[in-house]
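The values are calculated or read from the model by the stated rules, or taken from the named source; none is laboratory data. Predicted, not measured: the structure shown is a model, and the values here were computed from it. Every residue, glycine among them, receives a Cβ derived from its backbone with ideal geometry; neighbour counts consider all protein chains shown.
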Amino acid sequence: MANDTLRFGNKRVPPLSGKNGAGCARLSMEGDMKGSLFLILGLAPLAAHAVCYVSGGVGVENRDEMKAVANQYNLHIVFSQNETGAYLADVPVSIRNSAGEEILNIVSQGPWLYARLPEGAYTVIAGHDGDHQRRQVEIAGGESKALFFNWSKEPTV
């Protein structure tokens, strides 16, 4: 996979670049991570799919580490609490493609989740305290997209 392009069906996704060469599985960061970037690389195969992602953002040092790799991902998701603006972690997240296939199902380790997706339409579902929210996103043209999930202190019914 050193310089290969990732394939999702007939769609191509350029590999991530990192210190150890290109490709999702070889993403690396300079310096002492001290284990603070919880998922330096998430390669989560689901059915015939694999999505590269990182999750974290707890603490200043970890946020800086996440910012350093943000440009390598085309979907940036933030989880927070409405009233206080406090960031949320341990948020279950599911991403489904336009065919309804779940291509990622994880629990975000911090308030920031970055994913690298092929071009297409996606539904992102995230939950906190029993309140699940959906967002639609279209990935196209090499642009990055941002999604924000905000919850009230009390779950909505």
query: Does Val107 count as among the hydrophobic types (A, V, I, L, M, F, W, C), part of a strand (DSSP E or B) and crowded, with 20+ Cβ neighbours inside 10 Å?
result: no
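Select, from Glu138, Glu83, the only residue that is farther than 16 Å from Cys52 by Cα, free of Cβ contacts under 8 Å to residues at least 24 places away in the same chain and charged (D, E, K, R).
On the way: Glu83 fails: free of Cβ contacts under 8 Å to residues at least 24 places away in the same chain.
Just a single option satisfies the conditions, and that option is Glu138.
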Yes/no for Gln133 being surrounded by 13 or more Cβ atoms within 10 Å (Cβ to Cβ) and over 18 Å from Ala50 (Cβ atoms): yes
- prompt: Restricting the search to segment 89-119, which residues are of a type in the set (A, V, I, L, M, F, W, C) and either free of Cβ contacts under 8 Å to residues at least 12 places away in the same chain or out of contact with any Ser or Thr (no Cβ under 6 Å at 6 or more places or on another chain) (or both)?
  reply: Ala89, Ile95, Ala99, Ile103, Leu104, Ile106, Val107, Trp112, Ala115, Leu117
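Could you please let me know if Leu75 is buried (at least 19 other Cβ atoms within 10 Å of the Cβ), under 28 Å from Ser152 (Cβ atoms), under 16 Å from the mean Cα position of the chain (by Cα) and at pLDDT 90 or above?
Details: buried (at least 19 other Cβ atoms within 10 Å of the Cβ): yes; under 28 Å from Ser152 (Cβ atoms): yes; under 16 Å from the mean Cα position of the chain (by Cα): yes; at pLDDT 90 or above: yes.
So Leu75 passes the test.
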